[in-house]
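Okay, so here's the structure we're looking at.
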Amino acid sequence: MRSASRSILDALGRQLSGMRSIAAVAIAAPILGLIGVLVASFVPDGRIIDALTEAIATGQLTRANFGPATTGPTVDYLTDCIGITMGLGDSADASRLTNAVRSPTLGNCERSVKSLAEYRQGNGLGTPNEYFRYWHGYTVVTRPLIATVGLAATRMVVLWAIVITTVGLTHQLTRTHGWRIAAALMLPVLLTTDLIDLPRSLPHATGALAALATTWIAHRHITNLGASVRPSTLAALSVAAGAMFVFFDILTITPGAWAMFVGAAILAASPSQSGRTLSITGTIAATGWIGGWAWMWAAKWLFASAVFGFGSVVDEITDVAGSRLDGEVDALDFSFTNSIQRTWSRWIEHPLTGVVIVVLGALIVTAWIKRPNAELRHRFADRITLVSPALIPLVWFEVMRNHTQLHTGFTYRSWGMIAGIVAVAAVVALPAIGRESADGEVRHQDVVQDRQ
């Protein structure tokens with residue numbers, strides 16, 4: 001009796017400890033985010049204005065809101081101008097903390113270039129736009145870099161950060177699962193999107209960088225823990241990842257980042273978990289990530305309500321949310337599956353998408369030829385669990401149909417993640433867990449061979 005009571009108390013203690021970890025992440029994330037944007041606001045505006053003025057003089061910054069891209073439909077300079085002028089135009093009568101929450105920006109490229117030119121002539125920056133509904137956490141990186149090394153060098157630094165993170169994630173996948181899995185997941189992301197072009201629009205680049213970094217961290221951490229990973233640890237990690245992503249992103253690649261994180265979590269757990277346990281891992285990762293994402297975003301609105309008033313913030317968010325879900329726009333068709341079709345069409349138009357689909361098909365066929373039919377049926381339910389995160393962007397497209405269709409120039413990127421997740425689920429060798437089979441099920445040596 002005493003032993004049973006002690007076991008129950010131990011279990012309750014572990015649950016409480018896990019809840020404390022999740023609560024600590026949920027409390028710390030908005031506080032750290034607020035500190036981050038506040039610290040970024042201390043970068044002298046004059047240094048940033050000088051750097052941007054030089055960029056205008058050298059043709060690196062123009063009035064064009066969109067431009068041709070090397071690897072995608074267009075470069076979104078409009079969002080870039082909003083991002084690189086974020087924090088300019090602070091109110092002299094407000095505190096630095098208030099200005100950091102207000103998120104003032106000079107606006108699109110035409111307005112930003114005009115305002116900067118007038119400022120150099122002594123006329124002031126004019127009245128800035130207040131873009132408080134996002135965190136704009138990228139300013140933690142962009143403001144100090146632009147002020148110290150200039151706009152062009154800032155783009156190079158961010159590009160190299162993307163390269164390093166991509167290499168790190170690819171190496172992690174290769175070391176753990178083999179080169180086929182790394183190729184299956186990363187090739188669509190690298191070659192069927194405009195990832196390499198993204199530093200030309202810094203808010204897009206930092207969103208993609210956050211997606212790659214959180215996926216890498218999650219996969220590495222879960223792999224290292226193996227079967228000993230606790231649900232509370234996974235939940236806290238997922239909440240932190242969702243919060244970190246929304247801090248740096250402005251709704252550019254949310255469904256793809258969400259799906260990629262969940263897919264990586266399931267993949268990392270698959271060598272040591274199966275069946276219901278693996279499904280629970282995927283569910284915790286999915287709900288934790290979107291929970292952290294939603295809470296972190298809502299926290300910014302709570303901070304903004306202290307500046308603008310609760311009613312004003314609610315009106316702004318309600319109006320924007322209604323528009324993003326199903327706001328009426330001429331030439332947009334919100335019939336069922338049309339958002340999926342429009343993003344698919346944009347993705348399939350990418351010059352390398354067809355090639356990558358053929359390569360992924362070849363990877364899948366060779367994996368199936370290499371392994372017998374009995375092995376393909378092995379842990380079939382777990383393969384369904386592995387492929388399930390691919391549904392996340394499809395549901396998102398239909399729920400957020402206005403935003404999806406208005407911005408197909410970047411919402412299509414999530415198809416690269418979808419393709420990678422589907423290919424991984426088809427190619428990955430799943431080891432037998434708990435027992436070895438004599439009829440062709442995957443054994444440890446098969447997984448080792450797959451890495452070669």
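What follows draws every value from the coordinates through simple rules; no lab data is involved. Every value quoted in this text rests on a predicted model; they were computed, and no experiment measured them. Glycine also receives a Cβ, built like all others from the backbone with ideal geometry; neighbour counts cover every protein chain displayed.
Miscellaneous remarks
- Segment residue 391-residue 153, length gained on full extension (0.36 nm per residue, minus Cα span): 81.9 nm
- Size-normalised alpha-carbon gyration radius of the chain, reference 2.2 N^0.38 Å: 1.05
- Using alpha-carbon coordinates, inclination of helix 45-57 to the longest axis of the chain, degrees: 90
- Value of [θ]222 nm, deg cm²/dmol, for the chain, DSSP H segments ≥ 4, -39500 (n - 2.57) each, nearest 500: -23000 deg cm²/dmol
- Nearest 10 degrees, 0 to 90: helix 275-308 Cα axis against the chain principal axis: 10
- Peptides 185-193, 149-157 ordered by average Cβ neighbours within 10 Å, highest first: 185-193, 149-157
- Taking the average, over residues, of other Cβ atoms within 10 Å as the packing measure, peptides 292-300, 332-340 rank 292-300, 332-340 from highest down.
- Sparsely packed loop sites in the range 330-435 (the GluC sites (Glu not before Pro) outside DSSP H, G, I, E and B with at most 12 other Cβ atoms within 10 Å) comprise 349.
- For the range 407-423 and the range 162-224, distance of Cα centres in Å: 13
- Protection proxy ranking of 44-52, 118-126, 160-168, 236-244 - average other beta-carbon atoms within 10 Å, highest first: 236-244, 44-52, 160-168, 118-126
- Under 5 Å, built H, 5+ apart or other chain: amide partners of residue 67: 75, 77
- Stokes-Einstein diffusion of the range 85-225 at 25 °C, 0.890 mPa s viscosity, Kirkwood radius from Cα pairs, rounded to a whole number: 141 µm²/s.
- On Cα atoms only, tilt of 202-225 relative to the major axis of the chain in degrees: 30
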